[in-house]
Amino acid sequence: MSVEVVIGASGGLGQALVRLSMVVPGTRVIAISRTTLPPFTHPALQWICCDNSPGAINKVIEDLTPCAEMIARVTLCNGRLHDRDLIPEKRLEQLNEQSLTRLLHSNTIVPALWLKALIPLLTATPRVVLTVLSARVGSIGDNHLGGWYSYRASKAALNQLLQCCAIEAARRAKGVKLVAYHPGTVDTRLSRPFQQRLRPGQLHSPEQAARHLKQVTAALKPDGTLSYLDWRGETIPW
Ligand SMILES: NC(=O)c1ccc[n+]([C@@H]2O[C@H](COP(=O)([O-])OP(=O)(O)OC[C@H]3O[C@@H](n4cnc5c(N)ncnc54)[C@H](OP(=O)(O)O)[C@@H]3O)[C@@H](O)[C@H]2O)c1
């Protein structure tokens, strides 16, 4: 039996990943979310509510410890681009302390707290792909448009944290393959206000995106490095 862990499981991509994995024979899916009630149930699914505070994360890690060596995949789906009073900035005047702080918290600090807890859990796991949902707009080299200051900065900072983590994991958790992943533009709550100008075929359903993620990461082997990949499996410049 293998175990797949999805963190930030109630969102568009998280739910699609859970649905895809829970029907694979021999797979147990552990879904972790701030949402108390699972949106669906299945015999292979265990839903754990967690508010992403350090104490609550440690409690989840305790629950995962007995099956640590069976974990084959961990996917961190937490991320936020907009909210009621949080709009991606088009110009410097729209930048403010609150939106920067809030996006850094959900997009950078929450994944960092999970990484801090997960790497010690996975030290004896023979082979596990740890995929963290980043975004192409987190790439500094690929930034030719500007704007979206807080979101871009939070994902660029996430990528840097992941690089540090990959260097440390190469010593401490040799079975871990770390991936910073861009899923393409996916039809979820996060992208919904920004879908008007997309080319035909550019918008992926959450189900397609979940399949792409699994295909791209399936063949990856622990090599002590961080990969920054898009949904086609192509490397994104830092
Ligand atoms: N959709 C796209 O086009 C697209 C493109 C590039 C990158 N991404 C990235 O893909 C990931 C998944 O996004 P999605 O499209 O599935 O969006 P979504 O449907 O809005 O889901 C976002 C997830 O992030 C978590 N989250 C939201 N606010 C949070 C907060 N304040 N603190 C901690 N966690 C929070 C939620 O987890 P809970 O279950 O715990 O509530 C939720 O599952 C994100 O990291 C996003 O940046 C998406």
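Per-structure values
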quantity: Any pair with Cβ under 7 angstrom, 6 or more apart, that starts in the stretch 12-24 at a residue that is in contact (Cβ under 8 Å) with a residue 24 or more places away in the chain and ends at one that is within 8 Å of the ligand (Cβ to nearest atom) and assigned to a helix (DSSP H, G or I); calculated: 12/206; 13/206; 13/209; 15/206; 16/206; 16/209
quantity: Qualifying position, being under 22 Å from residue 213 (Cα atoms) and more than 10 Å from the ligand (Cβ to nearest atom), among 101, 108; calculated: 108
quantity: Filtered residues of the stretch 109-142 (kept if more than 28 Å from residue 70 (Cα to Cα) and buried (at least 23 other Cβ atoms within 10 Å of the Cβ)); calculated: 135, 138
quantity: Every residue from the stretch 101-157 that is in a helix (DSSP H, G or I), of a type in the set (Val, Ile, Thr) and in contact (Cβ under 8 Å) with a residue 12 or more places away in the chain; calculated: 108, 110, 119, 137
quantity: Hits in the stretch 51-77 - residues which are buried (at least 20 other Cβ atoms within 10 Å of the Cβ) and within 11 Å of the ligand (Cβ to nearest atom); calculated: 52, 75, 76, 77
quantity: In the stretch 194-238, the residues that are buried (at least 19 other Cβ atoms within 10 Å of the Cβ), out of contact with any Ser or Thr (no Cβ under 8 Å at 6 or more places or on another chain) and assigned to a loop (DSSP other than H, G, I, E, B); calculated: 222, 231
quantity: Set 162, 145: member being exposed (fewer than 14 other Cβ atoms within 10 Å of the Cβ) and modelled with pLDDT of 95 or more; calculated: 145
quantity: Search result, residues across the stretch 196-230 that are within 15 Å of the ligand (Cβ to nearest atom) and more than 25 Å from residue 177 (Cα to Cα); calculated: 196, 197, 198, 199, 201, 202, 203, 204, 205
quantity: Boolean, residue 84 is under 19 Å from residue 191 (Cα atoms) and free of Cβ contacts under 8 Å to residues at least 12 places away in the same chain; calculated: yes
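The values are calculated or read from the model by the stated rules, or taken from the named source; none is laboratory data. Remember, it's a predicted structure, so these values are computed and weren't measured experimentally. So basically every Cβ, Gly included, is an ideal-geometry build from the backbone, and we count neighbours across all protein chains shown.
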